[in-house]
Amino acid sequence: MISHGKDLKIFSGSSNKALAKGICKELSIPLGNAETGAFSDGENFVSIFETVRGSDVFVVQSTSTPVNDNLMELLIMIDALKRASAGRITAVIPYFGYARQDRKTKPRDPISAKLVANLITRAGADRVLTMDLHANQIQGFFDIPVDNLMGSPVFVDHFFRRFAPVHDETMVVSPDVGSVARARAFAQKLDMPMAIVDKRRQKANSSEVMNIIGDVTGKNVILLDDMVDTGGSLCHAAKALVEIEIKYLSVAHLFAEAIERIYEERSVSKLWC
């Protein structure tokens, strides 16, 4: 329980209230009293029902599907808190949308990740807390501090216990060549071998599995990727490998510890291991 300094408040947008409640439970504080919604014409609105003057405020809101609605809701909530004289506003964005558009791949391409960074900063956010950015350089798109948490410790702990009895018969698989570095680091932490699904992407949101580099015969397989859009890559890889069990793991405790450390002005880098 935090008991010193200016008061800490956590508010949630509509994208993932369950996670926000989980974070608040970890920190033993109530979720901030606010309402989000939309008018009949589709415009988003936010109402804050408690004072935030001088408070250290954290807004939990992923910019996941529906991306634009959730992004706009985040911006409006930040603006409302800023105008209500919040002491500091941290945008907690577990999933950062538009992250794939981080560079120009052909003439006249936008760099939408930079645009979103500008919008969040201009709305009034003082810092950002996110997880597993699709591209690390996005941190440099912001002119405010960005803490990028890694979800791998949560998965390593889970899978280490889950597959401890059959450790020697388990391996990590990268669903494409682009995820090899991430999968290799994950496999090393679990002390497991790895394989790669070699695929050819014909166009956005579609993929074709070509072959598997590595022997997965008779193995328990952990498929590791950083982002799920249509799920095509994972599904095609799973079909090629046979079948896997997909399970959700909560990262509420990780975000809770990060928020507590930010609030108490302590290092967050310990959580990146």
TODO: Taking the options 35, 43, 50, name whichever one is surrounded by fewer than 22 Cβ atoms within 10 Å (Cβ to Cβ), charged (D, E, K, R) and within 22 Å of residue 263 (Cβ to Cβ).
DONE: 50
Task: Near pairs, Cβ below 8 angstrom, 6+ apart or cross-chain, from the range 153-173 (at negative phi and part of a helix (DSSP H, G or I)) to any residue that is loosely packed, with under 13 Cβ neighbours inside 10 Å and modelled with pLDDT of 90 or more - done: 167/191
Task: Subset of the range 108-140 (residues that are outside any helix (DSSP H, G or I), out of contact with any strand residue (DSSP E or B) (no Cβ under 9 Å at 6 or more places or on another chain) and modelled with pLDDT under 90) - done: 134, 135
Open item on the list: When you scan the range 101-120, do you find a residue that is over 18 Å from the mean Cα position of the chain (by Cα) and within 19 Å of residue 15 (Cβ to Cβ), even just one?
Closed with: yes
Open item on the list: So residue 61 passes all but one of these: (1) surrounded by fewer than 17 Cβ atoms within 10 Å (Cβ to Cβ); (2) under 14 Å from the mean Cα position of the chain (by Cα); (3) under 24 Å from residue 27 (Cα atoms). Which condition number does it fail?
Closed with: (1)
Task: Lone qualifier among 79, 143 - being within 24 Å of residue 263 (Cα to Cα), in a loop (DSSP other than H, G, I, E, B), open to solvent by 30 Å² or more (accessible area, probe 1.4 Å) and among the acidic types (Asp, Glu) - done: 143
Task: Test set (1) among the aliphatic types (A, V, I, L, M); (2) over 24 Å from residue 257 (Cβ atoms); (3) in a strand (DSSP E or B) - residue 57 fails condition number - done: (2)
Task: Cβ-Cβ under 7 Å pairs, at least 6 apart or on other chains, the range 114-126 side at negative phi, far side open to solvent by 40 Å² or more (accessible area, probe 1.4 Å) - done: 116/98; 121/143; 123/79
Task: Criterion: free of Cβ contacts under 8 Å to residues at least 60 places away in the same chain and part of a strand (DSSP E or B) - qualifying residue of 63, 36 - done: 36
Open item on the list: Within the range 232-264, take every residue that is open to solvent by 60 Å² or more (accessible area, probe 1.4 Å) and at pLDDT 90 or above and give me the one that is nearest to the chain's Cα centre (by Cα).
Closed with: 253
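For (1) more than 19 Å from residue 124 (Cα to Cα); (2) among the polar types (S, T, N, Q); (3) out of contact with any Pro (no Cβ under 6 Å at 6 or more places or on another chain), each residue gets a yes or a no:
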site: 10; (1), (2), (3): no, no, yes
site: 14; (1), (2), (3): yes, yes, yes
site: 29; (1), (2), (3): yes, no, yes
site: 37; (1), (2), (3): yes, no, yes
site: 43; (1), (2), (3): yes, no, yes
site: 57; (1), (2), (3): no, no, yes
site: 93; (1), (2), (3): no, no, yes
site: 98; (1), (2), (3): yes, no, yes
site: 103; (1), (2), (3): yes, no, yes
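The values are calculated or read from the model by the stated rules, or taken from the named source; none is laboratory data. Note that the structure is a prediction, hence the values are computed from the model and not measured. A quick note on method: Cβ atoms are made from the backbone with ideal geometry, for glycine too, and the neighbour counts reach across all protein chains shown. SASA here: full protein model, heavy atoms, side chains in, ligands and nucleic acids out. Shrake-Rupley method; radii C 1.70, N 1.55, O 1.52, S 1.80 Å.
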